[in-house]
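**Q** The following block contains the structure, expressed as structure tokens.
The values are calculated or read from the model by the stated rules, or taken from the named source; none is laboratory data. Given the structure is predicted, the values throughout are model-derived calculations rather than measurements. Every residue, glycine as well, gets a Cβ built from its backbone with ideal geometry; the counts of neighbours run over all protein chains shown. Surface accessibility is based on the protein's heavy atoms, side chains included, excluding ligands, DNA and RNA. Shrake-Rupley method; radii C 1.70, N 1.55, O 1.52, S 1.80 Å.
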Amino acid sequence: MTLYLRHDVHAVAIGEDLALLDLARDAYLCLPDGAAALEPGVQAAIRPGAVADALQAGGLLGPGPPAAWPDLPPLPVRTLIHQPLSRAVSPRGLAAAVGVPADIRRARRGEGLVAWLALAEARRPLSRDAEAVAAAARQFWAVGAWLPVEGECLVRSAMLVAFLRRMGLSADWVFGVRLWPFAAHCWVQLGDLCLNDDVERLWPYTPLYRR
């Protein structure tokens, strides 16, 4: 019988090991030699056995297949962070940037990673037009350093995601891990273009979750 991860638990095989992200518990996990338990070609499916028993004991398995498990993008091969802004930041861009600190304060008041991911939610459809997203990201690079918000990759990516949403745009917020030694990182990309990091910095990481 095939078993399934909870809808808010995401996994990826890295070599022979299995890396997981439990969104509800705001926790990364690693099962050495656990990669073979993933059913190839079946989203979130786990073969019965010792790994499945460990996942069950940890409360990581659900009652059935998740409704949707987002596909993982490949690592980006280009970045725009070193590209100059070709024109002045638009009034709409300035207005969007002014609203970002309030979005970050709201996320910080929430519980764990789920509160941050809510910054990507929108009440209306968002455009993923590559040219428009890249242009907006360049605008954010021009004004983001002046905003009264500090933080590491999670905060920096959340700021860009919130800015894009306020501009009616969206991109992929990607969470990746590396093992031995363990490290987690996140960034924003659209297709093969990274919007807020150097691609060389991302090479050690394997994408685990995309919002």
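**Q** So if the hydrodynamic radius of the stretch 110-211 is defined as the Kirkwood radius over C-alpha pairs, what does Stokes-Einstein give as its diffusion coefficient at 37 °C and 0.692 mPa s, in µm² per second?
**A** Taking Rh from Cα pairs, D becomes 233 µm²/s.
**Q** Let me ask something else about it. May I ask for the equivalent-ellipsoid semi-axes of the stretch 138-182, computed as the square root of five times each C-alpha gyration tensor eigenvalue and listed largest first in whole Å? List each step's numbers first, then the result.
**A** Details: eigenvalues 110, 41, 12 Å².
Listed largest to smallest, the semi-axes of the stretch 138-182 are 23, 14, 8 Å.
**Q** If packing is taken as the mean number of other Cβ atoms within 10 Å per residue, what is the order of 75-86, 29-40, 136-147, 169-180, highest first?
**A** 169-180, 136-147, 29-40, 75-86
**Q** What is the helix-to-structure angle for 91-109, meaning the angle in degrees between its Cα long axis and the longest Cα principal axis of the chain, kept from 0 to 90 and rounded to the nearest 10?
**A** Taking the Cα atoms of the chain, the angle to 91-109 is about 40 degrees.
**Q** Using a 1.4 angstrom probe with every protein chain in place, what is the largest-first accessible-area order of Glu16, Glu150?
**A** On the way: Glu16 130, Glu150 155 Å².
Result, largest first: Glu150, Glu16.
**Q** Once you keep just the Cα pairs under 8 angstrom separated by 6 or more residues, what percentage relative contact order results for the chain?
**A** Contact order relative to length: 24 percent.
**Q** A further question follows. Only one of the listed values, [x] 18.2, 59; [y] 15.9, 47; [z] 17.8, 64, was derived from the coordinates as Rg and Dmax of the Cα atoms in Å; which label is it?
**A** [x]
**Q** Between Glu16 and Val42, what is the label-to-label distance in nm when each label sits 7 Å out along the Cα-to-Cβ direction?
**A** 2.4 nm
**Q** Asp192 versus Ala54, label points 7 Å from Cα toward the beta carbon: distance in nm?
**A** 3.6 nm
**Q** Additional query: Evaluated at 37 °C with a viscosity of 0.692 mPa s, what Stokes-Einstein diffusion coefficient in µm²/s does the stretch 154-211 have when Rh comes from the Kirkwood expression over alpha-carbon pairs?
**A** It comes out at roughly 280 µm²/s.
**Q** If r is the Cβ-Cβ distance from Leu94 to Leu179 and R0 is 35 Å, what FRET efficiency results, to the nearest 0.05?
**A** The formula returns an efficiency of 0.25 here.
**Q** If you don't mind, another one. Under a 1.4 Å probe, what is the accessible area of the stretch 80-176 per residue, stated in Å²?
**A** Numbers: 5260 Å² over 97 residues.
Here the residues of the stretch 80-176 average 54 Å² of exposed surface.
**Q** Also, I was wondering about something else. How far is it, in nm, from the label point at Ala24 to the one at Glu200 when both lie 7 Å from their Cα along the line to the Cβ?
**A** 4.3 nm
**Q** Using a 1.4 Å probe on the protein chains only, how many percent of the accessible area of the stretch 90-135 belongs to carbon and sulfur? List each step's numbers first, then the result.
**A** Details: 1580 of 2870 Å².
Carbon plus sulfur share of accessible area: 55 percent.
**Q** Please give the charge dipole size of the stretch 1-91, origin at the Cα centre, charges +1 on K and R Cβ atoms and -1 on D and E Cβ atoms. Round to the nearest 20 debye.
**A** With Lys and Arg at +1 and Asp and Glu at -1, about 440 debye.
**Q** Want the number for His82 to Ala102: 0.36 nm per residue separation, take away the alpha-carbon distance, what's left?
**A** The span from His82 to Ala102 would gain 4.5 nm if fully extended.
**Q** Moving to a separate point now. Ratio to report: Rg/Rh of the stretch 1-99, with Cα atoms as the point set and Rh obtained by the Kirkwood method; give two decimals.
**A** Here the Rg-to-Rh quotient is 1.21.
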